[in-house]
């Protein structure tokens, strides 16, 4: 028989409790009164993790959309999925601002055969300027139609895409005190989403832009910012047509997203629905995943949200290792349509164990 050496001070894992005992103990541990709880043999489980679903309140979202020659189909897909993008803003009762800028920091030059007239080129917004000089909020009439108009930035922009530089210009002086005044709010979270099928050509190192974006919120609120990237993460995911149109890995955008714990999506995908949902979740600040402090015995897990125990058989949550595989972190993952509401308290109790999801909910 194999043995396991425990760390100093740790007790050997207790045997899994019958489900009735687990639920009865959890009712008492979570402060929930139940007449039958007094008649049960209540045993305290070893792990007791507490989480809170964030209340985002205000969130300012800046979409940086590439307006070079190959971007028309991607802009169309983005426009078609606006309602999907609002999913978690609505669920989290988020007070949002959504504005759009392009990647063109320098005026493009007209040349015959480009498909763009001089009038088209003259209509390209200046770098860092919010398109239309406006943004979408919960009070916007027909926000869907306005979003379609804003993300349709065209394909006559400069071929040297400077998404990072454009975003930084939009969020800092002089623009934030002039043309873009009012878009960024002092107490709001800030989320920047880069949408491009090519590499960023901005002049500064990536780390300088990350620090600059964080400084927009000030030293005390540097964590109130994240960036996501809907770009070419792997050229092998793109079709021959997309590669021929100029698709190129956006490694600089990916670096910013990774450093700020944002979302990475594949712009070469045929369906933006899932990607846009991920972007919505990340920007809304709601979360579906709560990481446990220890590996649990999956059969012993008890989950409570506020004053309600939620049994694993209800399908509201599951136990998983994130990312998948033996090296992933143990986590409770809620169904996307069953997220704990803002400001809710999530209790997870469990006995220590091997943390293998295969034994979950048996």
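Condition test on residue 184, is it closer than 20 Å to residue 88 by Cβ and in contact with a strand residue (DSSP E or B) (Cβ under 7 Å, 6 or more places away or on another chain)? For residue 184, the condition - closer than 20 Å to residue 88 by Cβ and in contact with a strand residue (DSSP E or B) (Cβ under 7 Å, 6 or more places away or on another chain) - is not met.
List the strands (runs of 3 or more DSSP E) inside region 185-296, counting only whole elements, that have at least 2 residues being buried (at least 21 other Cβ atoms within 10 Å of the Cβ).
Numbers: elements: 189-195, 225-231, 264-266, 289-291.
Passing ranges, in order: 189-195, 225-231.
Just one of 112, 145 is without any contact (Cβ under 8 Å) to a residue 40 or more places away in the chain, assigned to a loop (DSSP other than H, G, I, E, B) and in the same structural domain as residue 173 (by TED's automatic domain parsing); which is it?
Details: 145 fails: assigned to a loop (DSSP other than H, G, I, E, B).
Of 112, 145, the one residue that is without any contact (Cβ under 8 Å) to a residue 40 or more places away in the chain, assigned to a loop (DSSP other than H, G, I, E, B) and in the same structural domain as residue 173 (by TED's automatic domain parsing) is 112.
Say we look at region 297-306 and pick out the residues that are touching a strand residue (DSSP E or B) at 6+ places or on another chain (Cβ under 6 Å) and assigned to a helix (DSSP H, G or I); which of these is farthest from residue 85 (Cα to Cα)? In this case the residue turns out to be 300.
Regarding residue 164, is this residue in a helix (DSSP H, G or I), crowded, with 18+ Cβ neighbours inside 10 Å, in contact (Cβ under 8 Å) with a residue 60 or more places away in the chain and within 24 Å of the chain's Cα centre (by Cα)?
Numbers: in a helix (DSSP H, G or I): yes; crowded, with 18+ Cβ neighbours inside 10 Å: yes; in contact (Cβ under 8 Å) with a residue 60 or more places away in the chain: yes; within 24 Å of the chain's Cα centre (by Cα): yes.
Judged against the criteria, residue 164 is a match.
You will find that of 297, 255, 307, the residue that is in contact with a helix residue (DSSP H, G or I) (Cβ under 8 Å, 6 or more places away or on another chain) and not assigned by TED's automatic domain parsing to the domain that holds residue 93 is 297 and no other.
Given the criteria in contact with a strand residue (DSSP E or B) (Cβ under 6 Å, 6 or more places away or on another chain) and assigned by TED's automatic domain parsing to the domain that holds residue 84, does residue 246 qualify? Here the answer is no, as residue 246 does not meet what is asked. Within this structure, residue 99 passes the test of being surrounded by 20 or more Cβ atoms within 10 Å (Cβ to Cβ) and at pLDDT 90 or above.
The values are calculated or read from the model by the stated rules, or taken from the named source; none is laboratory data. The structure displayed is predicted, hence computed values, not measured ones. Cβ atoms come from the backbone with ideal geometry, glycine included; neighbour counts cover every protein chain shown.
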